[in-house]
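Let me give you the structure first, and then I'll get to my questions.
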Ligand SMILES: Cc1cc2nc3c(=O)[nH]c(=O)nc-3n(C[C@H](O)[C@H](O)[C@H](O)COP(=O)(O)OP(=O)(O)OC[C@H]3O[C@@H](n4cnc5c(N)ncnc54)[C@H](O)[C@@H]3O)c2cc1C
């Protein structure tokens, strides 16, 4: 996979600070301090003024489907209706070795053969493409604002994300943190960013934050009963 930064909003820190000052004209902090405060307190709507556009080459169609689940973004993918896919490139999952790799490659060859034969029979790309595999390499242009990118990284830098997605998230993150360290150096998976992991019991053994960042369920145990009592009291109050 190859990931390039195509565009990023310039002077984004100043832009976000200007937006924050439109909201609170008495803000006396510097632009950097304002952005730090926004990230720290999760006043994230002002971060929507900064946009990133990425050129993503050589990811699988399976991954492109997962990317599309991120609705607060703009997506453009290579069309299998308008492009020829004979001799296509494909994703190979890490860890496929020996017989497993041979079976996998054979399946790709068989799909390529079927596609090529259909095309030679004059079958249109829009029909022939249905024999193409999920591993098929695609080209993707992705635009996201910083608020949505933060949400993306919180979900997709988690070790529970699929390996191909996590690799993409890591590459995107490196580009983002280089451009706007004030924002992104405070961001990683949900556990790190929030200081508590909402994954609870499904946290896998390979989570590098196990034993460092508490699970939500464990943390809530300490205050849940008392907090519930507060909620019950709130519920019995008459609206003012
Ligand atoms: C480990 C992992 C496993 C997953 N497994 C599956 C799976 O098995 N099946 C599957 O379908 N998906 C799966 N997903 C995808 C997941 O359910 C989300 O669709 C995806 O992560 C996009 O997240 P999002 O909705 O927060 O992002 P976006 O779509 O970009 O939305 C950003 C935020 O906007 C708000 N928002 C957006 N749309 C709405 C709306 N309609 N109503 C209310 N608020 C909205 C929410 O606050 C949301 O967090 C998985 C994701 C992860 C990380």
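Here, each number is a calculation from the coordinates, and none is a lab measurement. None of the values given here were measured: they were computed from a predicted structure. Here the Cβ positions follow ideal geometry from the backbone for every residue, glycine too, while neighbour counts run over all protein chains shown.
Report, to the nearest 10°, how far helix 163-179 tilts away from the longest principal axis of the Cα atoms in the chain, using its own Cα long axis and a range of 0 to 90°.
Helix 163-179 sits at roughly 60 degrees to that axis.
What ranking do 15, 121, 29, 67 get, fewest neighbouring Cβ atoms within 10 angstrom at the top?
Ranked by crowding around the Cβ, least crowded first: 121, 29, 15, 67.
Once the principal axes of the Cα atoms of region 19-162 are found, what is the range along each, listed largest first in whole angstroms?
Reported extents, whole Å, longest axis first: 71, 36, 18.
Express in whole angstrom the spacing between the alpha-carbon centres of region 179-209 and region 19-35.
Measuring centre to centre over Cα atoms gives 27 Å.
What 222 nm value per residue comes from the helices of the chain, counting each DSSP H run with n ≥ 4 as -39,500 (n - 2.57) and dividing by all residues, nearest 500 deg cm²/dmol?
It comes out at -14000 deg cm²/dmol, rounded to the nearest 500.
Using the count of nearby Cβ atoms within 10 Å as a rough guide to exposure, how do 218, 13, 35 rank from fewest to most?
218, 13, 35
Enter the Cα centre distance for the pair region 49-72 and region 107-169, rounded to the nearest angstrom.
Here the two parts' Cα centres lie 10 Å apart.
Right, something else. From Cα coordinates alone, what are the radius of gyration and Dmax values for region 99-220 in angstrom?
20.4, 64
Provide Rg and Dmax in Å for region 195-240, with only Cα atoms included in the calculation.
In order Rg, Dmax, the Cα atoms of region 195-240 give 15.5, 50 Å.
Helix 98-120 versus the longest principal axis of the chain: what angle, 0 to 90°, nearest 10, using Cα atoms?
Rounded to the nearest ten degrees, it is 70.
Same structure again: Give me the mean projected area, in nm² to one decimal, of the convex hull enclosing the Cα positions of the chain.
With the hull built on Cα positions only, its mean projection is 19.2 nm².
Could you tell me what fraction of 2.2 N^0.38 Å the Cα radius of gyration of region 1-93 comes to, as a two-decimal ratio? Let's see the in-between values first.
Numbers: Rg = 18.9 Å, N = 93, 2.2 N^0.38 = 12.3 Å.
Taking the Cα Rg and dividing by 2.2 N^0.38 Å, one obtains 1.54.
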